[in-house]
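A quick write-up on the structure given underneath.
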């Protein structure tokens, strides 16, 4: 009887809600893909070790691992609302999420360090450093 007073049908709200989350996750996928596409493009354009140090790919790899770690934990697991406790329960889910966020922040900070320490300060061509930074920024802000 509450739906008659508000004049909102659950089906209408449900359709809007599903389309909202569908667009949100599609934007997240496009952002993740764009970050890796930028890095792959830079690796092809600057193939030698002198142009782009191959160790600089490490930030993107750790950012990707952190991306999967963060998305593996649901809100219910963090709040403790899930039916099964799992390995360590709510505390384990929160610890897993914390480690994922620290890896993500560390990768973004590392990419900034690579940009300035490896390319801007030595006055090299900046494009490979920007690729490393934008890869991690697109994965971070997805």
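The values are calculated or read from the model by the stated rules, or taken from the named source; none is laboratory data. Since the model is a prediction, treat every value here as computed from it, not as a measurement. Using ideal geometry, Cβ is built from the backbone for each residue, glycine included, and neighbour counts are taken over all protein chains shown.
When you scan the stretch 110-120, do you find a residue that is in contact with a helix residue (DSSP H, G or I) (Cβ under 6 Å, 6 or more places away or on another chain), buried (at least 16 other Cβ atoms within 10 Å of the Cβ) and under 16 Å from residue 41 (Cα atoms), even just one?
Scanning the stretch 110-120 turns up no residue that is in contact with a helix residue (DSSP H, G or I) (Cβ under 6 Å, 6 or more places away or on another chain), buried (at least 16 other Cβ atoms within 10 Å of the Cβ) and under 16 Å from residue 41 (Cα atoms).
Do we find that residue 56 is more than 15 Å from residue 142 (Cβ to Cβ) and in contact (Cβ under 8 Å) with a residue 12 or more places away in the chain in this structure? Outline the logic, then answer.
Working: more than 15 Å from residue 142 (Cβ to Cβ): yes; in contact (Cβ under 8 Å) with a residue 12 or more places away in the chain: yes.
So residue 56 fits the description; yes.
Which condition number does residue 101 fail, the rest of (1) surrounded by fewer than 18 Cβ atoms within 10 Å (Cβ to Cβ); (2) touching a helix residue (DSSP H, G or I) at 6+ places or on another chain (Cβ under 6 Å) being met?
(2)
Could you count how many residues in the stretch 67-97 are assigned to a helix (DSSP H, G or I), surrounded by 14 or more Cβ atoms within 10 Å (Cβ to Cβ) and free of Cβ contacts under 8 Å to residues at least 60 places away in the same chain? First the steps, then the outcome.
Residues of the stretch 67-97 assigned to a helix (DSSP H, G or I): 67-71, 75-79, 89-97.
Okay, now just the ones that are also surrounded by 14 or more Cβ atoms within 10 Å (Cβ to Cβ), so 67, 69-70, 77-78, 90, 92-94, 96-97.
Next, only the ones that are free of Cβ contacts under 8 Å to residues at least 60 places away in the same chain stay: 69-70, 77-78, 90, 92-94, 96-97.
Of the residues in that region, 10 qualify.
Okay, residues lined up against (1) at pLDDT below 75; (2) more than 15 Å from the chain's Cα centre (by Cα); (3) surrounded by 10 or more Cβ atoms within 10 Å (Cβ to Cβ); (4) outside any loop (DSSP other than H, G, I, E, B):
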position: 15; (1), (2), (3), (4): yes, yes, yes, yes
position: 20; (1), (2), (3), (4): yes, yes, yes, yes
position: 29; (1), (2), (3), (4): no, no, yes, yes
position: 32; (1), (2), (3), (4): no, no, yes, yes
position: 36; (1), (2), (3), (4): no, no, yes, yes
position: 43; (1), (2), (3), (4): no, yes, yes, yes
position: 49; (1), (2), (3), (4): no, yes, no, no
